[in-house]
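The values are calculated or read from the model by the stated rules, or taken from the named source; none is laboratory data. Everything quoted here is computed from the prediction, not taken from an experiment. So basically every Cβ, Gly included, is an ideal-geometry build from the backbone, and we count neighbours across all protein chains shown. Surface accessibility is based on the protein's heavy atoms, side chains included, excluding ligands, DNA and RNA. Shrake-Rupley method; radii C 1.70, N 1.55, O 1.52, S 1.80 Å.
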Amino acid sequence: MLEDLHLKIRNLTLEDYPQVKALMDRVYHDIGGSWPMHTISKLIKDLPDGQICLVDHDKIVGMALSVKVNYQRFSNPHTYDDLVDQRERIHHDNEGDALYGLDVLIDPDYRGYRLGRRLYEARKELCRQENLIAILAGGRIPNYYQHSDEMTPAEYLEAVDKRKIYDPILTFQLSNDFQVTRLLTKYLPEDEKSRGYATLLEWKNIFYEPEKNTVLEYRKTQVRIGAVQWQMREVESVEELLKQVEYFIDALSSYKSDFALFPEFFNAPLMGLAPDQTNQMEAIRFLASFTERFVSEMSQLAISYNINVITGSMPLVEDDIMYNISYLCRRDGTIEEQRKIHITPHERRDWVIEGGYEVRTFDTDAGRIGILICYDVEFPELARHLASQDMDILFVPFWTDTKNGYLRVRSCAQARAIENECYVVICGSCGNLPQVENLDVQYSQAAVFSPSDFSFPHDAVMAETTPNTEMLMFSDLDLDKLKLVRSEGSVNNLKDRRLDLYNIDWKTNTPSTV
């Protein structure tokens, strides 16, 4: 398992060629290795936005290379030589109306994290931005040689499509919404594993407009939220609970969620494994001993399943002081934390938890977000402080044992959405833990709230779960609607504040100055 990942996508530059060569030599050792420098140089010169790389810190760990082509020409039978001449120069049509995917490759040491999907998604976004008809690609079928004595190429393609056979390239392309439009013969004769065959693959751009529009800037405006209304249940090990976590992250990722939100103290069942069940202080510190492991493993899951994970909250002991902390595990491998500021009487009395000293927004690839843990959402100053930092979505993991406690969180969260013109997502746990003191019952109904205006649901509720039932909740959020309501809404809560009379003044972020 790789540690300390920090992933980002950027365009290739010519200075990257030594890394490009090393990666291509390693991946394509069976078909001639890397392209020469003049080939890569021409690609970068002809279509700089089409040459995309994925880096971990400063190391290139994946690439996607593309050119523009004429759709009519290359959506019909062709060979590799129609794209690449004898001097390994790749033909690029600057007036082309389709993108041709030349290569997508991942460093073998980084496989298993679904990183190839990120490159495919970046290539799809380029296709949309450039208003191109489709992405085309000639795809090798490198496992065909294992079946060529018993199957025709067409039978092999059908078997891969039905998942009777796994092919490392074709299986991946089919899972990324590409369609096989025809079989290409003698595409790359020296590719012995594919027996010279290839598939002609196509991904249609459903947003293509025949009259081309220039896209000056792109940002993600459609965001899918996923939340886990978690069932508290007795567990026998940490591994059992982590398997449950992965199950839900996998499910949310399968529905292409950008975020996965877990409840406050979702891993509290582990307190039932504490040696002394009668000592609440020891039980919560026992739970805190697992937090670093949970953060590490949930971060790895965020990378592997390509989803930003908000870990609910977990206790952490730091300098012998107990805090209640929510972690943001971005899908690029970075991790942030938000400490609970306001501590409930129960947490302070029975667990001796102390509050943090800072709230701030976090930039993600799907909007700017804030996190407030349960009780914190009942203090409007915190959300207003985040709104002043241009927050789009506020996540509120909570734990409440009774319906009136839940309604406090819900009502305040809905107020925060209206007064700060943002989306608010709340998520808690249900079920019971009779073996854990003070966590024996829970009440939850996860929900997503919006501003209250014409662009949003009439009751400003985007989605909600069935109360006290373990389930997943999804909601699609349009960030452009927030811009619209903030500037042209029926009312303008943020713009109309009387800042000449009042303001939020954050005094400190360190305990020494309190």
Point to revise | Residue ID - farthest from Val436 (Cα to Cα), chosen from residues in region 286-306 that are among the hydroxyl-bearing types (Ser, Thr, Tyr) and assigned to a helix (DSSP H, G or I) | key: Ser304
Practice item. Please indicate, with yes or no, whether at least one residue in region 136-153 is under 21 Å from Ala98 (Cβ atoms) and among the hydrophobic types (A, V, I, L, M, F, W, C). Key: yes
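This table checks each residue for (1) open to solvent by 10 Å² or more (accessible area, probe 1.4 Å); (2) over 30 Å from Leu494 (Cα atoms); (3) in contact with a Ser or Thr (Cβ under 8 Å, 6 or more places away or on another chain); (4) not small (Gly, Ala, Ser).
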site: Gly405; (1), (2), (3), (4): no, no, no, no
site: Asn420; (1), (2), (3), (4): no, no, no, yes
site: Tyr423; (1), (2), (3), (4): no, no, yes, yes
site: Gln442; (1), (2), (3), (4): yes, yes, yes, yes
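Yes/no matrix, rows are residues, columns are (1) outside any strand (DSSP E or B); (2) surrounded by 20 or more Cβ atoms within 10 Å (Cβ to Cβ):
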residue: Asp401; (1), (2): yes, no
residue: Arg408; (1), (2): yes, no
residue: Arg416; (1), (2): yes, yes
residue: Gln435; (1), (2): yes, no
residue: Thr466; (1), (2): yes, no
residue: Asp476; (1), (2): no, no
residue: Asp480; (1), (2): yes, no
residue: Asn492; (1), (2): yes, no
residue: Arg497; (1), (2): yes, no
Study note, to complete from the structure: All-but-one check, Gly226 against (1) more than 30 Å from Ala366 (Cα to Cα); (2) among the small types (Gly, Ala, Ser); (3) at pLDDT 95 or above, failing number (1)
Check your understanding: Out of curiosity, is Ser237 open to solvent by 70 Å² or more (accessible area, probe 1.4 Å) and of a type in the set (Ser, Thr, Tyr)?
Key -> no
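Phe207: of a type outside the set (Ser, Thr, Tyr), farther than 22 Å from Tyr71 by Cβ and either at pLDDT 95 or above or open to solvent by 20 Å² or more (accessible area, probe 1.4 Å) (or both), yes or no? Steps first, please.
Details: of a type outside the set (Ser, Thr, Tyr): yes; farther than 22 Å from Tyr71 by Cβ: no; either at pLDDT 95 or above or open to solvent by 20 Å² or more (accessible area, probe 1.4 Å) (or both): yes.
The answer is no for Phe207.
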**Study point:** For Asn205: the one exception among (1) within 23 Å of the chain's Cα centre (by Cα); (2) over 30 Å from Arg73 (Cα atoms)
**Key:** (2)
Point to revise | Long-range neighbours under 8 Å by Cβ, at least six apart or interchain, first residue among the hydroxyl-bearing types (Ser, Thr, Tyr) within region 255-283, second open to solvent by less than 10 Å² (accessible area, probe 1.4 Å) | key: Tyr255/Gly226; Ser257/Ile225; Ser257/Gly226; Ser257/Ile307
Point to revise | Residue within region 372-389 that is crowded, with 16+ Cβ neighbours inside 10 Å and assigned to a strand (DSSP E or B) present | key: no
Review point. Going through region 383-411 one residue at a time, which ones are closer than 17 Å to Met462 by Cβ and either without any contact (Cβ under 8 Å) to a residue 24 or more places away in the chain or not β-branched (Val, Ile, Thr) (or both)?
Key: Met391, Asp392, Leu394, Phe395, Arg410, Ser411
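For region 50-58, state whether one or more residues are without any contact (Cβ under 8 Å) to a residue 60 or more places away in the chain, surrounded by 14 or more Cβ atoms within 10 Å (Cβ to Cβ) and outside any loop (DSSP other than H, G, I, E, B). Walk me through how you get there before you give the answer.
So the first thing to find is which residues in region 50-58 are without any contact (Cβ under 8 Å) to a residue 60 or more places away in the chain, and the list is 51, 53, 55, 57-58.
If we keep only those that are surrounded by 14 or more Cβ atoms within 10 Å (Cβ to Cβ) too, we end up with 51, 53, 55.
Subset that is outside any loop (DSSP other than H, G, I, E, B): 53, 55.
Yes - at least one qualifying residue is present in region 50-58.
Can you tell me which residue in region 2-12 is farthest from the chain's Cα centre (by Cα), limited to those that are more than 20 Å from Glu125 (Cα to Cα) and open to solvent by less than 60 Å² (accessible area, probe 1.4 Å)? Let's see the steps before the verdict.
From region 2-12, those more than 20 Å from Glu125 (Cα to Cα) are 2-6; that's our starting set.
Those still in the list that are open to solvent by less than 60 Å² (accessible area, probe 1.4 Å) too: 2, 5.
Working: Leu2: 18, Leu5: 15 Å.
Across region 2-12, the extreme among qualifying residues is Leu2.
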Practice item. Please find, within region 131-184, the residue that is most open to solvent (accessible area, probe 1.4 Å) out of those that are part of a loop (DSSP other than H, G, I, E, B), within 21 Å of Trp203 (Cβ to Cβ) and of a type in the set (A, V, I, L, M). Key: Ile169
Point to revise | Test set (1) closer than 19 Å to Gly272 by Cβ; (2) under 25 Å from the mean Cα position of the chain (by Cα); (3) surrounded by fewer than 24 Cβ atoms within 10 Å (Cβ to Cβ); (4) not hydrophobic (A, V, I, L, M, F, W, C) - Ser429 fails condition number | key: (3)
Practice item. Could you tell me whether region 106-124 includes any residue that is touching a residue at least 12 places away in the same chain (Cβ under 8 Å), over 30 Å from Glu3 (Cβ atoms) and open to solvent by 20 Å² or more (accessible area, probe 1.4 Å)? Key: no
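Mind listing whichever residues of region 13-30 are touching a Pro at 6+ places or on another chain (Cβ under 8 Å) and either open to solvent by less than 70 Å² (accessible area, probe 1.4 Å) or assigned to a strand (DSSP E or B) (or both)?
If we filter region 13-30 for residues that are touching a Pro at 6+ places or on another chain (Cβ under 8 Å), which is where we start, we get 26-27.
Listed by number, the list holds a single entry, Val27.
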